[in-house]
Amino acid sequence: MDYREQLKNPASLRYIDKLAQNVVDVPAEFSTAYSLIFDTDLNIAWRAAWLCQKISIKYPHWFTEKQFQELASLSVTTMHGGLQRGCLSILNNLEFPNAISVDFLNSCFDKMISPKSPIAVQALSMKILLRICTNEPGFIPELKAYLENIDYENYSAGFNSTRKNVLKVLNSK
């Protein structure tokens with residue numbers, strides 16, 4: 001199947017689910033679908049990330065550590081909110097490698113508190129940082145300090161809900 005052609009047009013949830021099922025039915029096509037996340041056409045790239053995010057829910061083991069690093073790097077460099085969200089959604093479904101880049105960590109902290117970031121990117125950044133804290137408890141004080149000292153009244157209800165839930169987990173550790 002020509003996934004690039006399929007992803008050129010606006011996609012619905014049902015359509016993306018159908019494409020994801022096609023990839024699941026023919027796993028050899030996963031690498032083709034994954035590679036489209038890096039397409040120069042940002043609309044195709046973010047739709048491909050959405051497609052791969054669906055796959056990552058049930059088949060996180062299909063993603064390699066190298067792909068984790070590629071997605072983390074893309075989430076840092078892209079300015080497209082949908083592509084950021086897609087990359088972070090995939091990463092949140094994967095097992096974290098032992099080494100995570102400092103650029104990615106800093107980007108998650110920055111995006112988490114940036115009012116310019118879409119709420120989904122803020123929330124996913126918080127969730128990823130919480131998962132990192134589980135593996136690296138040394139980050140717990142830093143994440144707690146960020147979340148406790150932020151002027152949360154300037155943020156959305158979605159941000160504050162995620163913030164509250166993350167602090168609850170951090171305070172139980």
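The values are calculated or read from the model by the stated rules, or taken from the named source; none is laboratory data. None of these values were measured; they are calculated from a predicted model. No Cβ is skipped: glycine too gets one built from the backbone with ideal geometry, and neighbour counts run over all protein chains shown.
Points to keep in mind about this one:
- Within the range 13-27, residues that are assigned to a helix (DSSP H, G or I) have Cβ atoms under 8 Å from residues that are of a type in the set (S, T, N, Q) and surrounded by 11 or more Cβ atoms within 10 Å (Cβ to Cβ) in these pairs: LEU19/GLN6, counting only partners at least 6 apart in sequence or on another chain.
- All positions within the range 73-98 that are in contact with a helix residue (DSSP H, G or I) (Cβ under 7 Å, 6 or more places away or on another chain), part of a helix (DSSP H, G or I) and among the β-branched types (Val, Ile, Thr): VAL76, ILE90
- Any hit, the range 38-61, residues being touching a residue at least 12 places away in the same chain (Cβ under 8 Å), part of a helix (DSSP H, G or I), in the same structural domain as LEU129 (by TED's automatic domain parsing) and of a type in the set (Gly, Ala, Ser): no
- Verdict on ARG4 being within 27 Å of GLN122 (Cα to Cα) and not assigned by TED's automatic domain parsing to the domain that holds SER114: no
- Taken together, the residues in the range 4-33 that are crowded, with 21+ Cβ neighbours inside 10 Å and in contact with an Asp or Glu (Cβ under 9 Å, 6 or more places away or on another chain) amount to 2.
- Filtered residues of the range 34-66 (kept if crowded, with 19+ Cβ neighbours inside 10 Å and polar (S, T, N, Q)): GLN53, SER56
- Selection status of LEU42, out of contact with any helix residue (DSSP H, G or I) (no Cβ under 6 Å at 6 or more places or on another chain) and modelled with pLDDT of 95 or more: yes
- Identity of the residue in the range 142-173, farther than 16 Å from CYS108 by Cβ and of a type in the set (Gly, Ala, Ser), that ends up farthest from the chain's Cα centre (by Cα): SER172
- Subset of the range 99-149 [part of a loop (DSSP other than H, G, I, E, B), touching a residue at least 24 places away in the same chain (Cβ under 8 Å) and small (Gly, Ala, Ser)]: SER101, SER117
- Here the range 6-43 is the region considered, the condition is being among the β-branched types (Val, Ile, Thr) and closer than 21 Å to ASN92 by Cα, and the residue that is nearest to the chain's Cα centre (by Cα) is ILE37.
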